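The values are calculated or read from the model by the stated rules, or taken from the named source; none is laboratory data. Remember, predicted model here, so these are calculated numbers, not experimental data. The area values use the complete protein model at the heavy-atom level, side chains included, leaving out ligands, DNA and RNA. Shrake-Rupley method; radii C 1.70, N 1.55, O 1.52, S 1.80 Å.
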Amino acid sequence: MVNIANYNDLVVGDRVIEAGNSENFQTGDWRSLIPVIDIDKCIDCFTCWIYCPDDCIIIKDDMIVGIKATHCKGCGICAKACPKKAITMTPEE
Amino acid sequence: MTMPKKHSDLAINGDNAVALAWKQIDPDVCAAYPITPQTIIVEKFAEYIADGEVTTEFVCVESEHSALTLCTTSCSAGARTFTATASQGLAYMWEMLPITSSMRVPVIMAVANRAVSGPININNDHGDVMSARDCGWLTLFSENVQQAYDMSIIAPRIAEHPDVQLPCLVNLDGFILTHAIERMTPIDTQIVKKFVGEFKPMHPLLDVKHPVSHNLMDGPLFYFPHKYQMVQAMNNALKVAKDVFKEFAEISGREYHLVEEYMCEDAESIAIVLGSSFGTMKEAVDQLRREGMKVGVAMPRVFRPWPIEDLAKLMKGKKSVIVMDRHLSVGAYGPMFPEVCAAALENKDVPKMYNFIYGLGGADTMVSDFMSVFKDVKDGRATRINYLGVKQ
Ligand code: SF4
Ligand code: SF4
């Protein structure tokens, strides 16, 4: 039994008492498939960026450069939404 | 003990006595939905609001589910919040009950105990509160109108204590206490206000300088530890309740205990009962004592947290213990019976344990009926579980 927190470390009740910390809740470990982008097919339309519910499509200088693995849940919405079929959901090592 | 000046007594029913306590406390918010036999509490309190005697914000809601949802969120916003219900109303709140307690907001709720349908019935038993007993609420019982008033003043002190932070049910028997007029000694409003004090909410939502989130999704990592935190809070509540009772005695002259006892010390056989029947059973004990039977009766004033140590001490050396349940878990026992048995196991020698189910749906239970319970046990007519008055 390892997946139980120490109650002493927790604030009383199911509360979070500081703001802006959902970044710390890493949803990446829910994933079974990770999106892999074929940069050659990609036209940088940002459709995937708009659709990703977790803000996991990384953009740099107006170009798609990768996936934020710490928070990508592997839902596959980006792959479905991509008009160029440039994203493939791939099993991870 | 310095006794405050004597206040003139009132002739008042239980519902009005609770409303009077609320008026003296003047909570920030109240939301409730009418249901017999609770209705008079909120009706009377609404009158106080309309007459400008309190500053409470009253919210009319369309159901009990909405009432408790509103109370829970209003309390988590930082407002001292009271409500009242009974029977089907409490049943309709059920979904919210464990949420209020897990959110650790000290909402105070008066429960005018009434049978739960069906069959459809509006009379007194403990089916409503007993069906809510696993929901993490502190639970207090009162024997008479005076105690319904006193517990209404005591409840926020226990519930809002920093070591507790749990909501609280204040029980009074439907009709027997809610509608019957008794003599009662109120406490001066200024003394009540000082005793109850100001509500100091923990991490309230409306403290905009310190933004917080309440009632978040709890995965397996956190759910169990948060429940365990509530266990600790309940344990703390035992000590807090004792301290608050002591302080209350100083302002009122009335002493309360986790477990109230009557003639138990030298008794060979004792009964354990909740609510107004405690008074009726005291009379039964008096009459049996005159016949030479060594009997006594006790009432867990505090039902949650379950005062296991005090009950174990009470049962030590007794020949028999009779658990009177005004509710029935159909197919098993009365709800209090296994809990009293568990407390009895704390001692080396366990008394003979009997369970009597009585008074369901308001079935009248008189002094003579309670006397027959002790006699049935003494003469060996009682079985493990007995249904008082049911003709077979
Ligand atoms: S798989 Fe889902 S979470 Fe991951 S990048 Fe695509 S849309 Fe976002
Ligand atoms: S939706 Fe497809 S084509 Fe458009 S930016 Fe994303 S990966 Fe590139």
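The Rg/Rh ratio for the range B:159-282, using Cα coordinates for both the radius of gyration and the Kirkwood hydrodynamic radius, is 1.05.
According to the calculation over all Cα-Cα pairs in chain B, the P(r) per 10 Å bin from zero is 5, 24, 33, 25, 11, 2, 0 %. Over chain B, accessible surface divided per residue gives 42 Å², non-protein components excluded, 1.4 Å probe.
Entry note, chain B: relative contact order of 16 percent, from Cα contacts under 8 Å with a spacing of 6+ residues.
Of all DSSP-defined beta bridges confined to the range B:259-387, some 20% are antiparallel rather than parallel.
Of all DSSP beta bridges confined to the protein assembly as shown, the antiparallel ones make up roughly 35%.
Normalised by residue count, the range B:259-387 yields a Cα convex hull volume of 98 Å³ per residue.
Measuring between alpha carbons in the structure, the pairs from B:K44/B:K227; B:K239/B:K352; B:K282/B:K316; B:K200/B:K348; B:K227/B:K318 lying more than 32 angstrom apart are B:K44/B:K227; B:K200/B:K348; B:K227/B:K318.
Relative to one another, the C-alpha centroids of the range B:96-164 and the range A:1-65 are positioned 42 Å apart. Share of carbon and sulfur in the accessible area of the range A:30-91 stands at 58%, probe radius 1.4 Å. Within chain B, antiparallel bridges make up roughly 20 percent of the DSSP beta bridges whose residues both belong there.
For the range B:66-181, the alpha-carbon coordinates run over 37, 30, 20 Å along the three principal axes, in decreasing order.
Volume of the convex hull of the protein assembly as shown (Cα atoms only), normalised per residue: 205 Å³.
In percent, what relative contact order does the range B:259-387 have, based on Cα pairs under 8 Å that are 6 or more apart in sequence?
Worked out over the range B:259-387, it gives 26 percent.
For the chain pair B and A, the interface hides roughly 1800 square angstrom of accessible area in total, found with a 1.4 Å probe.
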